[in-house]
Amino acid sequence: MRSYASDTALPGGKYEDGDEDEEGTARREAYEEIGLPMDRDKVRKLCLLDAFLTGNGLIVTPVVLLVTDNALNPVLNPSEVTHLFSMPLTAFLHSHPSQIPGWHFGISTRILAQGPPDVPPPPRVGYAEGEGEVGGKEGRYYQFRDVTWGQGVVRMHRFLTGREGGGVKPVYGLTSAILIHAAMVGYDQRPDFPVFAPGQHTVQERIEWEVTNGAGPLRRAIEAEGMLSDWDEAKAKL
């Protein structure tokens, strides 16, 4: 999305006319951005995850797809995608890379490998064991910060990718939240770090607050569809 340009993100975007449903939107966006085939035999839907609320008041429904054809090659849309990489889903259940089964995290010694003499080395990146700046290029593999959101606070998680020396941003915010949840569902396992801030409201409670008190796109969409009175009636019955 334009609101999060240059961030590390999952394929996806807004619903457009012609999309059948959330799955249709996810498939179209993935095809447009990384060339993921629309073929439902080669790329099968596993499930839809619980909805998430973005910082600018949009609802995002993650769609989990399984690529069954290992011969598929991505085709990046250069106007939307600069890099494409993968990380093991278990990486989002651990606060230290040494705890992630079977993954050799690309820490400084790998990122700083020298290329040919005529190619300048990438920027120096350090991964300290102590505290570091959230969102910056230095610090621990996993960090978080709690931000004020609506009527409360929300915990924002950040994971380094090992590719920061090449200009790739850490996985942060909404993308981290989706991947943490997907890992919890897929592995039926809790992370080794607290997922929520103390007193953090549920997504459902935050959506209700956005509709009732907010002035963002969610509230405007409900008003435009003439659904506000139905919303108020439903709330009154709870």
**Q.** Of all residues making up region 154-180, the number that are touching a Lys or Arg at 6+ places or on another chain (Cβ under 6 Å) and modelled with pLDDT of 90 or more
**A.** 3
Q) Is there any pair with a first residue in region 43-58 that is outside any loop (DSSP other than H, G, I, E, B) and a second that is basic (Lys, Arg) and modelled with pLDDT under 95 whose Cβ atoms are under 8 Å apart and which are 6 or more apart or on different chains, and what are they? A) Leu53/Arg206
Q) Exactly one of (1) under 30 Å from Leu89 (Cα atoms); (2) modelled with pLDDT under 85; (3) among the aliphatic types (A, V, I, L, M) is unmet by Ala183. Its number? A) (2)
Q: Would you check which residues across region 18-37 are under 23 Å from Phe85 (Cβ atoms) and either over 21 Å from the mean Cα position of the chain (by Cα) or not in a helix (DSSP H, G or I) (or both) and list them?
A: Gly35, Leu36, Pro37
(Q) Here is a check on your reading of the model: is Thr8 among the hydroxyl-bearing types (Ser, Thr, Tyr) and either without any contact (Cβ under 8 Å) to a residue 40 or more places away in the chain or in a helix (DSSP H, G or I) (or both)? (A) no
**Q.** Failed condition for Glu225, given (1) of a type in the set (D, E, K, R); (2) in contact (Cβ under 8 Å) with a residue 12 or more places away in the chain; (3) loosely packed, with under 11 Cβ neighbours inside 10 Å
**A.** (2)
Q) Considering region 152-191 alone, what residues qualify as being more than 27 Å from Leu48 (Cβ to Cβ) and part of a loop (DSSP other than H, G, I, E, B)? A) Leu160, Gly162, Arg163, Gly167, Val168
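Being closer than 13 Å to Val154 by Cβ and either in contact with a strand residue (DSSP E or B) (Cβ under 9 Å, 6 or more places away or on another chain) or assigned to a helix (DSSP H, G or I) (or both) is the requirement here; does Val195 meet it? Can you show your working first?
Working: closer than 13 Å to Val154 by Cβ: yes; either in contact with a strand residue (DSSP E or B) (Cβ under 9 Å, 6 or more places away or on another chain) or assigned to a helix (DSSP H, G or I) (or both): yes.
Answer is yes for this residue.
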Q. For residues in region 147-166 being free of Cβ contacts under 8 Å to residues at least 24 places away in the same chain and surrounded by fewer than 20 Cβ atoms within 10 Å (Cβ to Cβ), which is nearest to Pro97 (Cα to Cα)?
A. Val147
Q. Can you tell me which residues in region 217-235 are in a helix (DSSP H, G or I), under 22 Å from Lys14 (Cβ atoms) and among the charged types (D, E, K, R)?
A. Arg219, Arg220, Glu223
Q) Picking from Leu179, Leu218, which residue would you name as being crowded, with 16+ Cβ neighbours inside 10 Å, touching a helix residue (DSSP H, G or I) at 6+ places or on another chain (Cβ under 9 Å), farther than 21 Å from Phe85 by Cβ and touching a residue at least 40 places away in the same chain (Cβ under 8 Å)? A) Leu218
Q: Only residues in region 183-195 that are surrounded by 12 or more Cβ atoms within 10 Å (Cβ to Cβ) count as the first member; pair them with residues that are small (Gly, Ala, Ser), Cβ under 6 angstrom, at least 6 apart or cross-chain, and list the lot.
A: Phe193/Ser95
Q) For region 69-77, does any single residue satisfy the condition of being surrounded by 12 or more Cβ atoms within 10 Å (Cβ to Cβ) and assigned to a strand (DSSP E or B)? A) no
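The values are calculated or read from the model by the stated rules, or taken from the named source; none is laboratory data. Since we're looking at a predicted model, the values are computed, not measured. All Cβ positions, glycine included, derive from the backbone under ideal geometry; neighbour counts span all protein chains shown.
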